[in-house]
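The values are calculated or read from the model by the stated rules, or taken from the named source; none is laboratory data. Note that this is a predicted model, so its numbers are computed, not measured. Glycine also receives a Cβ, built like all others from the backbone with ideal geometry; neighbour counts cover every protein chain displayed.
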């Protein structure tokens, strides 16, 4: 069952429990966080993945309660290399600005060595920031800076509520792929201009999460034969909602996909993230093999938060089926998949 939310409403009831259960193609539910009782358990993040024919730039601002975090990674698909770093503030006293919607407002934070700002206004998403001493090689340090404009064009995304056994826990996400992007960033002392085919994917999340959270998320954004093709695939352990967050996008129009199964190859019971992944949906609309190239392992956040996060970049090959039955064959399209396990 894929229950679609079609009317504007509040996300939460007056007692902080989830009021609406399902998915929507636009963000229709208001994140009325004032109803949350255990505010120390709130977890919030804004994450962008900007990709062109060569580079993948990931930028994230997160509020994890006892820690505020700025995260960035750069992956070069030509030489299959990657760099990752994060800057954290434990028990932050300075106010962290986290927008209460994904379609307007400003999310920003500043630490001792990094400052990120994501602002949505006038049909644009403006991403600006800097990260001092982001990358170090042979004793030489270099900064990461970015100034990127994402066109917030009118297109489908997938907004999804996650419902858990504990009625006081929930998660609300909004994902959009294939948003045109332009701008520059500096890396390893070089100023890099995004290619003309650059696109951005948004992962916006807010919630009161279970103490142990395991999430799979994968996305693809590409231009093929004059058409834009995107996918958003996700699974969160313990979710009991009447919908998935899985969707195929063709030229900005979303085509719903039912439940997903993800398989990561193992060796001696240990996941081998740089070996092939497979993705299958219960309705047969997604059959994909993901061949990884680079595993970006996120830094750990501290003693109170045990995390194991792998953000893996590579290429997708397989078949996608739209709601009208049309088949799309894809081969070696750049994308990413991640598995995150957190105890917080």
**Request:** Keeping to region 167-192, report how many residues are at pLDDT 95 or above, surrounded by fewer than 16 Cβ atoms within 10 Å (Cβ to Cβ) and under 20 Å from residue 43 (Cβ atoms).
**Result:** 0
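Return the only residue of 306, 322 being modelled with pLDDT under 95 and surrounded by 13 or more Cβ atoms within 10 Å (Cβ to Cβ).
Numbers: 322 fails: modelled with pLDDT under 95.
That would be 306, the only listed residue that is modelled with pLDDT under 95 and surrounded by 13 or more Cβ atoms within 10 Å (Cβ to Cβ).
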**Fill in**
Cβ pairs under 7 Å, 6+ apart or interchain, first in region 31-50 and touching a residue at least 60 places away in the same chain (Cβ under 8 Å), second in a helix (DSSP H, G or I), ordered by first then second residue, are 42/33
**Prompt:** (1) over 25 Å from residue 60 (Cα atoms); (2) within 21 Å of the chain's Cα centre (by Cα): which one isn't true of residue 270, the others all being true?
**Reply:** (2)
**Request:** Among the residues of region 129-157, write down those that are at pLDDT 95 or above, buried (at least 16 other Cβ atoms within 10 Å of the Cβ) and under 18 Å from the mean Cα position of the chain (by Cα).
**Result:** 148, 149, 150, 156, 157
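Identify all residues within region 263-293 that are in a strand (DSSP E or B), closer than 26 Å to residue 54 by Cα and touching a residue at least 24 places away in the same chain (Cβ under 8 Å); write none if there are none. Talk me through it step by step, then tell me what you get.
Step one: filter region 263-293 for residues in a strand (DSSP E or B), giving 263-264, 266-267, 270-271, 277-281, 286-293.
This time we only want the ones that are closer than 26 Å to residue 54 by Cα, so: 264, 277-279, 286-293.
Within region 263-293, 264, 277, 279, 286, 287, 288, 289, 290, 291, 292, 293 qualify.
Scan 145, 173 and give me the residue that is in a strand (DSSP E or B), within 29 Å of residue 2 (Cβ to Cβ) and in contact (Cβ under 8 Å) with a residue 12 or more places away in the chain.
Details: 145 fails: within 29 Å of residue 2 (Cβ to Cβ).
One residue alone meets the criteria, 173.
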**Asked** When you look at residue 100, is it in contact with a helix residue (DSSP H, G or I) (Cβ under 8 Å, 6 or more places away or on another chain) and touching a residue at least 24 places away in the same chain (Cβ under 8 Å), yes or no?
**Response** yes
**Complete:** When every residue in region 45-70 that is over 12 Å from the mean Cα position of the chain (by Cα) and farther than 25 Å from residue 228 by Cβ is compared, the one surrounded by the most Cβ atoms within 10 Å (Cβ to Cβ) is 69
**Request:** Kindly list the number of the only condition in (1) at pLDDT below 95; (2) surrounded by fewer than 17 Cβ atoms within 10 Å (Cβ to Cβ) that fails for residue 210.
**Result:** (2)
